[in-house]
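Below is one structure; the comments refer to it alone.
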Amino acid sequence: MERPSETIECGDFALRRWREQRDFGSVFRLIEESADHLRPWMPWVDGHSEESTRDFLAKSEAKWARGEVYNYAVAKDGTPIGMCQAYRARPGVWRMGYWLHPAATGQGIASRATAALAAEMFTLPDVEYLEISHDPANISSGAVARRSGFTEVRREEAAPPAAPSGSGVDVVWRLDRPAPSANGTPAPRTA
């Protein structure tokens, strides 16, 4: 089974695969420092603890091995400043998610990280298209999807659990696999 690269260079930062033992302190601290920023949109934040962080990292390792979820640290100068992931939603369709430490927002990092991970996911043969979903009130997530080349395709009822600031609706964005170039190879993507 093919997998995406464990490290994706993005210029002044990189996406790198989370590692269970090595990254516990980094991911726990990142979530702690970002909790107030994330809480309105991510219901899992209220259950954040050392145990939930260890569980997240253990599941990340297992799901990577099975080809179900690819979780990355967004790291600048070696320090994690956020997360970016792709997970299998159904055959051929992968959903992406992202978030940053509040000090790292507003710099185009989430858009560049999302575009880089999207380009990497399209190197895998079983990815037909990618989706991003977010609450319509989460304007920043919509801007990331738009700047990363995704197109809004529908609005649907949000799956539980509901985000504290959520409306119960998800905006769904889609990015199709690039068409092959004239010589039959996939068209190059720019991040």
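Express in Å², to the nearest 10, the accessible area of ASP12 obtained by rolling a 1.4 Å probe over the protein heavy atoms while all chains stay in place.
Spelled out: ASP12, probe radius 1.4 Å, area about 80 Å².
Per the helix-only calculation at 222 nm, which mean residue ellipticity applies to the chain, given -39500 (n - 2.57) for every DSSP H run of n ≥ 4 and division by its residues, nearest 500 deg cm²/dmol? Before the final figure, lay out each step's value.
Values: 4 runs with 54 residues, N = 191.
Dividing the helical sum by the residues of the chain leaves -9000 deg cm²/dmol.
Sequence-distant or interchain residues sharing an amide H contact under 5 Å with VAL169, placed H: which?
For VAL169, whose amide H was placed from the backbone, the distant partners under 5 Å are ALA158.
Express in whole angstrom the spacing between the alpha-carbon centres of segment 72-124 and segment 1-62.
Centre-to-centre (Cα) distance: 11 Å.
Between ALA89 and residues 5 or more places away or on another chain, which pairs have amide H atoms under 5 Å apart, with H built 1.01 Å from N, and which residues are they?
Answer set, sorted by chain and number: TRP94, ARG95.
Can you run phi through the Karplus equation (6.51, -1.76, 1.60; θ = phi - 60°) for segment 11-23 and list ³J(HN,Hα) in whole Hz, with x for Gly and Pro?
Result, ordered by residue: x, 8, 8, 9, 9, 9, 4, 5, 10, 3, 6, 5, 9 Hz.
Can you give the Kirkwood hydrodynamic radius for segment 44-130, in Å, rounded to one decimal and based on Cα pairs?
Working: mean 1/r = 0.0714 Å⁻¹.
The answer is 14.0 Å.
Can you list the residues, at least 5 places off or on another chain, whose amide H is less than 5 Å from the amide H of ILE81, using H built in the peptide plane?
Correct list: VAL74, ALA75, LYS76.
How big is the dipole moment of segment 85-191 about its Cα centre under a simple scheme where the beta carbon of each Lys and Arg is +1, that of each Asp and Glu is -1, and everything else is neutral? Debye, nearest 20, please.
Values: 11 positive and 10 negative charges, 46 e Å.
The calculated dipole for segment 85-191 is roughly 220 debye.
Assuming 0.36 nm per residue, please report the length gained on full extension of the stretch ASP176 to ALA89 beyond their Cα-Cα distance.
Numbers: separation 87, 0.36 × 87 = 31.32 nm, distance 1.46 nm.
Result: 29.9 nm gained on full extension.
Could you give me the ³J(HN,Hα) list for segment 99-105, computed from phi with Karplus coefficients 6.51, -1.76, 1.60 and θ = phi - 60°, whole Hz, x at Gly and Pro?
In residue order, the calculated couplings are 6, 10, 4, x, 6, 9, 7 Hz.
The values are calculated or read from the model by the stated rules, or taken from the named source; none is laboratory data. These numbers come from a predicted model, not from an experiment. Every residue, glycine among them, receives a Cβ derived from its backbone with ideal geometry; neighbour counts consider all protein chains shown. These accessible areas exclude ligands, DNA and RNA; they are computed on the full protein's heavy atoms, side chains included. Shrake-Rupley method; radii C 1.70, N 1.55, O 1.52, S 1.80 Å.
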